[in-house]
1. Quick one: how many residues across the stretch 159-169 are surrounded by 19 or more Cβ atoms within 10 Å (Cβ to Cβ) and in a helix (DSSP H, G or I)?
2. Let me confirm something: among M127, M80, which residue is farther than 16 Å from F158 by Cα and modelled with pLDDT of 90 or more?
3. Against the definition (buried (at least 21 other Cβ atoms within 10 Å of the Cβ), of a type in the set (A, V, I, L, M), without any contact (Cβ under 8 Å) to a residue 40 or more places away in the chain and assigned to a helix (DSSP H, G or I)), how does V231 come out, yes or no?
4. When only residues in the stretch 170-225 that are without any contact (Cβ under 8 Å) to a residue 12 or more places away in the chain, under 23 Å from A118 (Cβ atoms) and not β-branched (V, I, T) count, which is most open to solvent (accessible area, probe 1.4 Å)?
5. Taking only the stretch 1-23 into account, find how many residues are open to solvent by 50 Å² or more (accessible area, probe 1.4 Å), assigned to a strand (DSSP E or B) and in contact (Cβ under 8 Å) with a residue 60 or more places away in the chain.
6. Would you mind stating whether A148 is touching a residue at least 40 places away in the same chain (Cβ under 8 Å) and within 28 Å of K74 (Cβ to Cβ)?
7. How many residues are within 31 Å of the chain's Cα centre (by Cα) and surrounded by 18 or more Cβ atoms within 10 Å (Cβ to Cβ) when one looks only at the stretch 259-281?
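The values are calculated or read from the model by the stated rules, or taken from the named source; none is laboratory data. For clarity, every value in this text was computed on a predicted model and none was experimentally measured. Counting neighbours? That spans all protein chains shown, and the Cβs are built from the backbone with ideal geometry, glycine included. SASA here: full protein model, heavy atoms, side chains in, ligands and nucleic acids out. Shrake-Rupley method; radii C 1.70, N 1.55, O 1.52, S 1.80 Å.
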Amino acid sequence: MAKVVVKDLNKYYDNGFHAVKDVSFVAEDKEFVVLVGPSGCGKTTVLRLIAGLEEISSGEIYIGDELVNKKQPKDRDIAMVFQNYALYPHMTVFDNMAFALKLRREDKAQIKKKVSEAAALLGIESMLNRKPGQLSGGQRQRVALGRAIVRNPKVFLFDEPLSNLDAKLRVAMRAEIVKLHNTLENTMIYVTHDQVEAMTMADRIVVMKDGVIHQIDTPLEIYNNPANVFVAGFIGSPAINMVPGKIVRKDSHLWFDSSDYILQLTDEQQNRFKNYENKDIIMGIRPEDLYDARHDSMASFPQKFTPICDLVEPLGSEFHVVLKTKNYEFVARLDPKELPKVGEELTISVDMEKAHFFDPESEERLR
């Protein structure tokens, strides 16, 4: 097992494109780290640089205590699981899983033992004589995982391994990979564009955009204390509601004024934003922190506004309601006690203690 250290990593392509910009993070021994961000943010490039599949422009990568910049992929003691599984179609499942061990010229009995143990762990013992074309997407993904497991590497690298699966199977395989990590206790670095995968699987999340790391922390810390507007908007589903406004003073209290409505700040926020009076600010409020004041038992918060219901999306255990004021649109996640009607005016209670505030110029979180 090994710690992975990525230090001041940069990647330039021949056309001058700067894909990875001074990226630094540490995946501790036995830790599950997820790189997440939108398409084109550089997360897969970082993974490929760690694997040695692309050449580093500058920076350093350590696996364990060893600098691996100049090492070939086969000498880095890593195993990579790809998005498209990369299985040999003419080989059986057994031969696919055993391929790397045969290249190492390991003993046949030892190869059979390792493949059998990995197949048992993944529940594919009965499929060892089949070929990939006879398997479902989920089964092929298990074979790709098994091929990585038998190598017993220091580090597992996953490049969006679940993106080709249907929604139900993705959820099941997420759980399988987390259980696998708990069993094997290897260091794992996992790339995804799906923030739900990141939240549910990671010990720590590295949030990227445009080749730059915007925040590194535990899933709950990133969700509850996003570093900036981008992180707040990317992590969470439905996305956080962002509203520009000003901090104003009224009746000796500070309020957030969006021009459509005005909400009093909490005592803690009064103190924190006393120097922001008459200054522009962005307020973020998550959909689950808005409540229907007519029915919701949690809707006792004193700060309220009255938008119009523009759209209702019933989801069974909850429903999402799109709300409109004169200039802004919100999404609220409400309990399914009584579906509001489209066009109806609602009284929405706001949990201001859960509000997030950001500087409109830098877009950084105001602490």
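1. Let us first name the residues in the stretch 159-169 that are surrounded by 19 or more Cβ atoms within 10 Å (Cβ to Cβ), namely 159-162.
Filter once more, keeping what is in a helix (DSSP H, G or I): none.
Of the residues in the stretch 159-169, 0 are surrounded by 19 or more Cβ atoms within 10 Å (Cβ to Cβ) and in a helix (DSSP H, G or I).
2. M127
3. The answer is yes for V231.
4. Our first condition is that a residue be without any contact (Cβ under 8 Å) to a residue 12 or more places away in the chain; within the stretch 170-225, this holds for 171, 175, 179, 182, 220-221, 224.
Okay, now just the ones that are also under 23 Å from A118 (Cβ atoms), so 171, 175, 179, 182.
If we keep only those that are not β-branched (V, I, T) as well, we get 175, 179, 182.
On the way: A175: 46, K179: 118, N182: 101 Å².
Filtering the stretch 170-225 for residues that are without any contact (Cβ under 8 Å) to a residue 12 or more places away in the chain, under 23 Å from A118 (Cβ atoms) and not β-branched (V, I, T), the one most open to solvent (accessible area, probe 1.4 Å) comes out as K179.
5. The number of residues fulfilling the criteria is 2.
6. Criteria met by A148.
7. Result for the stretch 259-281: 3.
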